[in-house]
Every structure is written in C-alpha cells, then in structure tokens.
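The values are calculated or read from the model by the stated rules, or taken from the named source; none is laboratory data. None of these values were measured; they are calculated from a predicted model. Note that we place each Cβ from the backbone using ideal geometry, even for glycine, and neighbour counts take in every protein chain shown.
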Amino acid sequence: MVKIQNLSYSYQDYQLNEIEVLKNINFEIQEGEKIILLGINGSGKSTLLKILNGLIFPKEGTYSYKNEPLTKKTLKKNAKNFRQEVVFAMQDPSSMLFNATVYDEIAFGLKQFKFDNIEERVHQWAKTFKIEHLLKSSPLSLSGGQKQKVLLASLLCIEPKFLMMDEPTAHLDPPTTGWLVEFLEELNITSIISTHNLSLGQELGHRALVLGDNHQLLYDGDISTLMEDMDMLINAQLVHKHKHYHDGVEHKHYHIHNWK
C-alpha cells in the first residue's frame, strides 16, 4: 500500500543553511497494518507524516501509494481520490477545525466528496463519538478531548483507507487517552501513529518504526522485540535515567514512562 525508498528531506533555514530532517529512509506498509512511529522530538516524525500525506515532497528518493509514485504532478492529477483515502490528524486538533459548528465540521468532507444522506451520516458519526449534544457548538469552544473526537469524526466519515495521527494524545487527559486507545484498537483501517511515548506506543500497534536523532530509521519490527532491546531504546533516547533513593541508597537506572 505504501512504499518509501531512499527517502531524504531537508530545508534551508533563514541563514540558507541546509537542515537535514530525514535521511535515506526505507520501509513498506501493507494494507491493514497498524504502525507506531517512535522517536524523540526533532527526529523527523512529523515531517515524515506530512510527506505521507502529500503536504510536502521528498528531496531525494520516492514515496509510492498503491504502487504509484506520489509527486506534485501525480497528486494534482489524482487529488480527489488521494485526499479521500489518505487522512492526517495533526498534533493540535485546533489547527484543523475551521467550520462554524461541529455539524458543519463533520459535514464538510461529506459535501466535498459528494456523499449521499449527509445529515444522516453526520448524526451517525456524532453518535459514534458521543458528541451529538455538541453538533450546534463551535469546535473551537470545546475541550481538547472533544476537539479530538470532532476531528476524528470529520476524517473518518469520508471512509478513508489510510489514517495518520501525530502525537494524538498530546492534549488529552488520562480518561480520554484511554478512550482513544480503545477506539483505535478496534478501528479497521491502515494506520501510522507517531509518539515519543514508548509505553503508549505498545497500546496502539504491533509494528514499530523508530527514527533516531540522526534522522535515520533505526528500527523496523515488532514492538515487543523492541521493548526487550535496551541498547536500541537507549540509542533512540526512548528511555530516561534519573536518581532514585531506596533505603537511603542513591542509584540510577533507565525508565519507561507509563501513560496510564
């Protein structure tokens, strides 16, 4: 479904210095897979998701979706199908909510892609996310968890094939995080979800892609195997070490933050 070959991306800063963000990335995603994209802040996770969503394009290498390389030219030719099939929930839901009401937000994509029975579909998805009582509210007046539900409803209602999410729990409290984990686990869709929270990652998928601070792909494989590879976790900076005191004795060891 997705194939990335020798992909690199860089940009120029205001002093015209070339800033490398991704370097020689290679991987494939099969239909139905649920992928967790791990890495510290600045490793290139968000940039990779933007490339997969066709918002920016690699400087080197190729990105193919359904066996067709995605370029500015091919995207322009097939924009409608691609935008319906491939959806991206950015880290801050507020940046993607722009309609006057929650109803309009969910209905927007349905209208763009000319679905039938729009009102029925809006209420169906609002019921799924338990936000029916918010349909007349402004999306920007809602809590972080409510905004996340509205955004997901507006994306999933157009029946996409590939869902991307960038740090989806960044603005959520623990109960809403728990709800989201359960919802995504039951969702039958190809997905790639980025996080720097290793514990949370275990709840969201079975295969992990790990980007390092060198902007290269350090690991591609089973997340359970990754959890047992402390050298890899340390190299990827996905664990931390700090002082502990037990019975008056000071010592240090590595820890994984638990999201619960």
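Taken as a whole, the condition of being modelled with pLDDT of 85 or more, at negative phi and surrounded by 12 or more Cβ atoms within 10 Å (Cβ to Cβ) does not apply to ILE256. Scanning the range 119-129 turns up no residue that is at positive phi, loosely packed, with under 15 Cβ neighbours inside 10 Å, basic (Lys, Arg) and out of contact with any Cys (no Cβ under 7 Å at 6 or more places or on another chain).
Here is a yes/no grid of residues against (1) modelled with pLDDT of 95 or more; (2) among the polar types (S, T, N, Q):
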| position | (1), (2) |
| --- | --- |
| TYR11 | no, no |
| GLU20 | no, no |
| SER46 | no, yes |
| GLY61 | yes, no |
| TYR65 | yes, no |
| LYS80 | no, no |
| GLU85 | yes, no |
| THR101 | yes, yes |
| GLU105 | yes, no |
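How about the range 165-178: which of its residues are without any contact (Cβ under 8 Å) to a residue 60 or more places away in the chain and surrounded by 17 or more Cβ atoms within 10 Å (Cβ to Cβ)? Matches in the range 165-178: LEU172, THR176.
Taken over the range 125-158, residues that are free of Cβ contacts under 8 Å to residues at least 12 places away in the same chain and more than 23 Å from the chain's Cα centre (by Cα) amount to 4.
Take the conditions modelled with pLDDT under 90 and either crowded, with 20+ Cβ neighbours inside 10 Å or of a type in the set (Asp, Glu) (or both) and apply them to GLU159. Does it pass? Taking the combined requirement at face value, the residue does not satisfy it. The set of residues in the range 102-136 that are within 30 Å of THR47 (Cα to Cα) and not small (Gly, Ala, Ser) comprises VAL102, ASP104, GLU105, ILE106, PHE108, LEU110, LYS111, GLN112, PHE113, TRP125, PHE129.
When restricted to residues that are of a type in the set (Ser, Thr, Tyr) and more than 23 Å from LEU200 (Cβ to Cβ), the range 23-66 contains 4. The residues in the range 86-118 that are surrounded by 14 or more Cβ atoms within 10 Å (Cβ to Cβ), over 28 Å from LYS3 (Cα atoms) and polar (S, T, N, Q) can be counted, and the count is 3. With respect to (1) in a helix (DSSP H, G or I); (2) touching a residue at least 12 places away in the same chain (Cβ under 8 Å), the lone exception for PHE115 is condition (1).
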